[in-house]
Amino acid sequence: MGTSGASRTVEEAAGARPRRTLNTLLWAGLIPLVATGAGFLAQYPYGMLWVGVIIVLGTAAAAAIVAGGVWNRAGAATLASFGTLALALFAGPNLYETYVKQLGERVDALVADTGERTNAKGTKLAVCRVVDTSGEIQDLSEQQNCHGQFTPKQHVILFKDPLGGLDPWVEAGDDRSLDGVGPGITGGLFAVTGSAMFYAGQRRRSDRDMAAKLRRKYGPPRLSEG
């Protein structure tokens, strides 16, 4: 009877491994994917910034709860949470630039005026007012690549979102090339975040394992003398 019980335990453990791996891969892919999508969503106007921020914070919290609270891997949980926040911060602007420059409509425009505006924190930010060939006037910010490098009456190129949801990206010339640093950082953060979740899932510890670890470290619990 003891042999059959041991065999049953081994079979259950063997059957649990594929489920654990599948569950781990799900979270390892879901957390960085949602963070990346939320970062891109935050690039849209009409209050989407705050929607993206809420989703990112919720995703970071989910990474901490699953990796730290459920799988009992505090170090991996910390890395995954901070990786989620950093990933959204870098992925959003880089995806925005990649999307509009590679798929956007090229439109000639003229810089009508440049200046600065002060945000709620008192920080001065560069702004540009441009007029395209259709006569449409648009005010662009640093988010759209206006960093004070343009001068009034300068000819520029706008890359407009084919779906019309995003503000256009402005460049001095018809250059659709991308800086490899931003996408490289984004890819690295995606890999770090996913790897942290994968490690935590594959090396997860149960509450019983944690209790046993504490007993080995501090000894068995002692009854208080009353």
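Read the figures in this text as sums done on the coordinates, not as results from a lab. All values derive from a computational prediction rather than experimental measurement. Every residue, glycine as well, gets a Cβ built from its backbone with ideal geometry; the counts of neighbours run over all protein chains shown.
Relative to the compact globular guide of 2.2 N^0.38 Å, what is the alpha carbon radius of gyration of segment 77-170, as a ratio?
Values: Rg = 15.5 Å, N = 94, 2.2 N^0.38 = 12.4 Å.
For segment 77-170, the normalised Cα radius of gyration is 1.26.
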Loop sites in segment 67-108: chymotrypsin sites (Phe, Trp or Tyr not before Pro), DSSP, at most 16 other Cβ within 10 Å: none
Histogram of C-alpha separations across segment 130-190, 5 Å bin width, %: 4, 14, 23, 25, 16, 10, 5, 3, 0
Most to least packed among 164-176, 187-199, 37-49 [average Cβ atoms within 10 Å]: 187-199, 37-49, 164-176
Segment 144-167 versus segment 53-104: alpha-carbon centroid distance in Å: 28
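Taking the convex hull of the Cα atoms, report for segment 105-160 its projected area averaged over all directions, in nm². Kindly include the intermediate steps, with their values, before the conclusion.
Values: hull surface 15.0 nm².
So the Cα hull casts an average projection of 3.7 nm².
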Ascending count of other beta-carbon atoms within 10 Å, so fewest first, for Arg73, Arg20: Arg20, Arg73
